[in-house]
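Undergrad: Sharing a structure with you now.
The values are calculated or read from the model by the stated rules, or taken from the named source; none is laboratory data. Keep in mind that this is a model prediction, so the values were computed, not measured. Ideal geometry is used to build each Cβ from the backbone, glycine not excepted, and the neighbour counts take in all protein chains shown. When the accessible area is computed, the model is the full protein with side chains, heavy atoms only, and any ligands, DNA or RNA have been set aside. Shrake-Rupley method; radii C 1.70, N 1.55, O 1.52, S 1.80 Å.
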Amino acid sequence: MSHFATGVAVVTARGTDGDRGATISALSSVSLDPLTLLVCLHNKSATCSAIEATGRFGLSILNSTQQDLAFHFAGKADGKSFEEKCEWHEDGLFFVRDALVQIGVEVVETLRGGTHEIFLARPVSVTMHTEESTLPLLYFKGAFDLAA
């Protein structure tokens with residue numbers, strides 16, 4: 001699977017223990033009718049627990065200049081800062097600032113896949129970056145790469 005290039009996103013959620021976030025590459029469109037996305041997270045992660053508690057999360061698709069943010073949110077829960085890296089929307093969801101796309105979602109179903117929870121989620125809001133020259137951040141062969 002390391003030879004399958006994917007976009008890079010950050011999932012954010014507010015749990016009972018505070019704000020949580022994780023970098024993911026396991027993101028996919030499942031259905032257009034009804035509109036459904038798939039996101040996978042390790043079932044022992046603090047971000048997974050926050051999503052399970054609230055049933056909602058923010059999804060930020062990173063742009064090619066945000067490799068440092070991908071590394072920041074890829075680490076363990078302790079030591080992650082959110083205030084200078086994220087922005088909060090009126091609905092209480094929060095997203096990585098200046099992300100290529102920000103999608104607010106509600107979980108419609110949760111499945112178990114080995115060590116991961118598979119969240120099927122319905123988008124409730126979408127904010128897209130308007131600058132046409134902005135490229136996505138890609139993950140390929142175990143490393144981040146700029147989109148061609």
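Undergrad: What distance in nm separates the two pseudo spin-label positions at S29 and I118, each 7 Å out from Cα along the beta-carbon direction?
TA: Once both label points are built, they end up 1.9 nm from each other.
Undergrad: Also, I was wondering about something else. Under the rule a/c < 1.5 gives rounded, and otherwise a/b versus b/c splits prolate from oblate, where does the range 12-61 land using the Cα gyration tensor? Don't jump to the answer; show the numbers that get you there.
TA: Values: a/c = 2.20, a/b = 1.76, b/c = 1.25.
Since a/c reaches 1.5 and a/b is larger than b/c, the shape of the range 12-61 is classed as prolate.
Undergrad: Ranked from highest to lowest mean number of other Cβ atoms within 10 Å per residue, what is the order of the peptides 80-87, 11-18? Please list the in-between numbers first.
TA: On the way: 80-87: 15.0, 11-18: 18.5.
Those peptides, ordered most packed to least, come out 11-18, 80-87.
Undergrad: Just to confirm, what accessible area per residue do you get for the chain at 1.4 Å probe, in whole Å²? Provide the component values of the computation, followed by the final result.
TA: Working: 8130 Å² over 148 residues.
Accessible area per residue, the chain: 55 Å².
Undergrad: If R₀ is 22 angstrom, what is the calculated FRET efficiency for the pair D17 and V108, using the beta carbon separation as r and rounding to 0.05? Could you put the intermediate results ahead of the total?
TA: Values: r = 24 Å, r/R0 = 1.10.
Efficiency, rounded to the nearest 0.05: 0.35.
Undergrad: Tally up the carbon and sulfur contribution to the accessible surface of the chain as a whole percent, 1.4 Å probe, everything protein left in place.
TA: Of all accessible area on the chain, carbon and sulfur atoms account for 54 percent.
Undergrad: Turning to a different aspect of this structure: Taking every Cα atom in the range 62-126, find the radius of gyration and the maximum pairwise distance Dmax, and write them in Å.
TA: Here Rg and the maximum Cα pair distance are 13.6, 35 Å.
Undergrad: Please get the size of the charge dipole for the chain, origin at its Cα centre, with Cβ charges of +1 on Lys and Arg and -1 on Asp and Glu, quoted in debye to the nearest 20.
TA: Values: 11 positive and 18 negative charges, 105 e Å.
Once rounded to the nearest 20, the dipole reads 500 debye.
Undergrad: Based solely on its DSSP helices, what 222 nm [θ] is calculated for the chain when runs of n ≥ 4 H residues each add -39,500 (n - 2.57) and the sum is averaged over all residues, nearest 500 deg cm²/dmol? Let's see the in-between values first.
TA: Numbers: 2 runs with 17 residues, N = 148.
Calculated mean residue ellipticity at 222 nm is -3000 deg cm²/dmol.
Undergrad: Going from the alpha-carbon gyration tensor of the range 3-148, what semi-axes, largest first and in whole Å, does one get by taking the root of 5 times each eigenvalue?
TA: Values: eigenvalues 85, 60, 55 Å².
Working through the eigenvalues yields semi-axes of 21, 17, 17 Å.
Undergrad: If you place +1 on the Cβ of every Lys and Arg, -1 on the Cβ of every Asp and Glu, and leave all else neutral, what size is the dipole of the range 41-108 about its Cα centre, to the nearest 20 Debye?
TA: Working: 6 positive and 10 negative charges, 61 e Å.
The dipole of the range 41-108 has a size of about 300 debye.
Undergrad: Expected output is a single nm value to one decimal: the length gained when fully extending between D68 and H3, i.e. 0.36 nm times separation in residues minus the C-alpha distance. What is it? Spell out each step's value before the answer.
TA: On the way: separation 65, 0.36 × 65 = 23.40 nm, distance 2.21 nm.
Answer, rounded to one decimal: 21.2 nm.
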